[in-house]
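In what follows, a structure is listed as structure tokens, so that the remarks can point back to it.
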Amino acid sequence: MEKVAIQLVRNATLKIQYAGKVLLVDPMLSSRHSFMSFVEPGKDLNPTVGLPMSVEEVIEGVDAVLLTHLHPDHFDQKAMEVLAKDLPFYVQPSDKEMVEKADFTNVEAIESMANYDPIKILRTDGKHGPDKLLPTLGIVSGFVLQAENWPTIYIIGDCLWDETIERQIEKYNPDIIITNSGGAIFMGQDRILMNEEETLKVARKAPQAQLIATHIEALDHCQVTREALAKAAAEANLPILIPDDGETIIF
Ligand SMILES: [Zn+2]
């Protein structure tokens, strides 16, 4: 099996070297405190931390972009400005129009699967929150990456743990699973991201996979800390990797 390099840039932004390609996932490239708070509307409090490297370094060498959904902590104004407009840009069908409106010219909507030779990009479903909030939060996706002789990677996206996620783990038997585990709270009430407990459920469901937990300590409505998740994982004796911003994990 070939080695994949997964770099956490910040929040859900990942730079993945896989099967000869460099994939940029969910580019949020704004500087610290440059867009709205999700707790105190009207104040620019997000992101709560800066990028661990320059924007130029983040986008250097990128061959394609994958976008799980359009929320500003996954695709922001800065990313729209700096990314080359002709990059292959893979999105869920409902986001194609908006990304094209941002002048990207090579946008492909993935209904179920896209062939980005030699990589297969499979789109997966999930829910960004409880049913009552879905009309507000919108449709979100995840992606499974497959390539011959390369580990299968499941990027779950901003999805709560549920039977859909469980079924997808069974279906794709991923070697690596990336969770968005910040436990974000919407308008001070409902949780709209996996927390420690749900992340542990993913780990228990996929004991053969290496879990990497991201989307932590970058936004003001995320409650989970790296320290709390690491403690929960250690207590449950489950080996979850929790990279720092800028850290690269190689398998
Ligand atoms: Zn998010």
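No lab work stands behind these numbers, since they all come straight from the coordinates. Bear in mind the structure is a predicted one, so any value in this text is a computation, not a measurement. Note: ideal-geometry Cβ built from the backbone for every residue, glycine included; neighbour counts use all protein chains shown.
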_Filter the stretch 153-168 down to the residues that are out of contact with any Gly (no Cβ under 6 Å at 6 or more places or on another chain) and surrounded by fewer than 19 Cβ atoms within 10 Å (Cβ to Cβ) and list them by number._
162, 163, 166, 167
*Just give me the residues in the stretch 178-197 being in contact with a strand residue (DSSP E or B) (Cβ under 8 Å, 6 or more places away or on another chain), surrounded by fewer than 24 Cβ atoms within 10 Å (Cβ to Cβ), not basic (Lys, Arg) and not in a loop (DSSP other than H, G, I, E, B), in sequence order.*
185
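What are the residues in the stretch 36-53 that are over 19 Å from the mean Cα position of the chain (by Cα) and either under 28 Å from residue 149 (Cα atoms) or within 16 Å of the ligand (Cβ to nearest atom) (or both), if any? Lay out the reasoning, then the answer.
Taking the stretch 36-53 first, the residues over 19 Å from the mean Cα position of the chain (by Cα) are 36-37, 39-45.
Once the filter is applied, which keeps residues that are over 19 Å from the mean Cα position of the chain (by Cα) and either under 28 Å from residue 149 (Cα atoms) or within 16 Å of the ligand (Cβ to nearest atom) (or both), the stretch 36-53 yields 36, 37, 39, 45.
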*Considering each residue of the stretch 28-73, count those that are surrounded by fewer than 19 Cβ atoms within 10 Å (Cβ to Cβ), among the β-branched types (Val, Ile, Thr) and within 26 Å of residue 111 (Cα to Cα), and give that number.*
1
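From the list 141, 181, exactly one residue is within 16 Å of the ligand (Cβ to nearest atom), closer than 21 Å to residue 80 by Cβ and either of a type in the set (Phe, Trp, Tyr) or under 18 Å from the mean Cα position of the chain (by Cα) (or both). Which is it? Give the derivation first.
On the way: 181 fails: closer than 21 Å to residue 80 by Cβ.
Result: 141 is the single residue among 141, 181 that is within 16 Å of the ligand (Cβ to nearest atom), closer than 21 Å to residue 80 by Cβ and either of a type in the set (Phe, Trp, Tyr) or under 18 Å from the mean Cα position of the chain (by Cα) (or both).
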*asked:* Condition first: at positive phi and without any contact (Cβ under 8 Å) to a residue 12 or more places away in the chain. Now tell me which residues in the stretch 2-54 satisfy that.
replied: 42
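For residues in the stretch 1-23 being closer than 20 Å to residue 144 by Cβ and within 16 Å of the ligand (Cβ to nearest atom), which is surrounded by the most Cβ atoms within 10 Å (Cβ to Cβ)?
Residues of the stretch 1-23 closer than 20 Å to residue 144 by Cβ: 1-8, 12-23.
Cutting the leftovers down to within 16 Å of the ligand (Cβ to nearest atom) gives us 8, 12-14.
On the way: 8: 26, 12: 28, 13: 26, 14: 22.
Restricting to residues being closer than 20 Å to residue 144 by Cβ and within 16 Å of the ligand (Cβ to nearest atom), the top hit is 12.
If you go through the stretch 240-249 one residue at a time, do you hit one that is more than 17 Å from the chain's Cα centre (by Cα), surrounded by fewer than 23 Cβ atoms within 10 Å (Cβ to Cβ) and not basic (Lys, Arg)?
In the first step, residues of the stretch 240-249 are kept if they are more than 17 Å from the chain's Cα centre (by Cα); the result is none.
No; the residues of the stretch 240-249 include none that is more than 17 Å from the chain's Cα centre (by Cα), surrounded by fewer than 23 Cβ atoms within 10 Å (Cβ to Cβ) and not basic (Lys, Arg).
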*From the list 63, 73, which residue is touching a residue at least 40 places away in the same chain (Cβ under 8 Å) and within 23 Å of residue 128 (Cβ to Cβ)?*
73
